[in-house]
1. Looking at Arg49, is it in contact with a helix residue (DSSP H, G or I) (Cβ under 9 Å, 6 or more places away or on another chain) and either over 16 Å from Pro85 (Cβ atoms) or surrounded by fewer than 10 Cβ atoms within 10 Å (Cβ to Cβ) (or both)?
2. For region 45-77, which residues satisfy the criterion of being outside any loop (DSSP other than H, G, I, E, B) and not hydrophobic (A, V, I, L, M, F, W, C)?
3. Among the residues of region 17-38, which ones are in contact with an Asp or Glu (Cβ under 8 Å, 6 or more places away or on another chain) and closer than 16 Å to Leu69 by Cα?
4. Being in contact with a helix residue (DSSP H, G or I) (Cβ under 6 Å, 6 or more places away or on another chain) and small (Gly, Ala, Ser) narrows it down to one residue among Ala31, Ala75, Ala39; which is it?
5. Which of the residues belonging to region 78-91 are part of a loop (DSSP other than H, G, I, E, B) and under 16 Å from Met61 (Cβ atoms)?
6. Out of the residues in region 31-44 that are of a type in the set (S, T, N, Q) and part of a strand (DSSP E or B), state the one that is surrounded by the most Cβ atoms within 10 Å (Cβ to Cβ).
7. Search region 82-105 for residues being within 14 Å of Lys53 (Cβ to Cβ) and buried (at least 18 other Cβ atoms within 10 Å of the Cβ), and hand back the single one that is modelled with the lowest pLDDT.
8. Return the pair list, or none, for Cβ contacts closer than 6 Å from residues in region 21-41 that are more than 13 Å from Glu63 (Cα to Cα) to residues that are loosely packed, with under 14 Cβ neighbours inside 10 Å and at pLDDT 95 or above, at least 6 apart or on different chains.
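The values are calculated or read from the model by the stated rules, or taken from the named source; none is laboratory data. Because the structure is a prediction, the values reported are computed rather than measured. Reconstructed Cβ throughout: ideal geometry from the backbone, glycine too, with neighbour counts over all protein chains shown.
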Amino acid sequence: MNHKRKHRWESMRTEETRMVEKALRKEFPAADTYRYNSASIRVRIIDARFEGKSTEQRDAMVEPLLNQLPVRTQADIMNLITLTPEEAAESFGKFLANAEFEEPSKSML
């Protein structure tokens, strides 16, 4: 029997974060979001088109979609993680950010 493990962040999705996902998934199907606490939304996008691009270049690819969101929602996006599939699976530096996304530490708020 196959039991797919549900990560804690999946239960932290809200109507607002689903709206963010819907906007991002128009261009990036592997976009996930959740509300970490009352002041912070986390966003992770995994896409092969990020290969060879700097963080700034990756952010520039995503920003036009984020700019379509309500200003209040934009202001709450504190973490934007953009990874290639390989980085999501292997890279140690990127792994730490991805690991925190997958298993969020307890919020102090």
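1. Judged against the criteria, Arg49 is not a match.
2. Residues satisfying the conditions are Arg49, Thr55, Glu56, Gln57, Arg58, Asp59, Glu63, Pro64, Arg72, Thr73, Gln74, Asp76.
3. Once the filter is applied, which keeps residues that are in contact with an Asp or Glu (Cβ under 8 Å, 6 or more places away or on another chain) and closer than 16 Å to Leu69 by Cα, region 17-38 yields Glu21, Phe28, Ala31, Asp32, Thr33, Tyr34, Arg35.
4. The match here is Ala31.
5. Scanning region 78-91 gives a single hit, Thr84.
6. Residues of region 31-44 of a type in the set (S, T, N, Q): 33, 37-38, 40.
From the residues that got through so far, the ones that are part of a strand (DSSP E or B) too are 33, 37, 40.
Numbers: Thr33: 29, Asn37: 15, Ser40: 15.
The residue in question is Thr33.
7. Filtering first and then ranking leaves Glu87.
8. Cβ pairs passing all conditions: Arg35/Thr14; Ser40/Met78.
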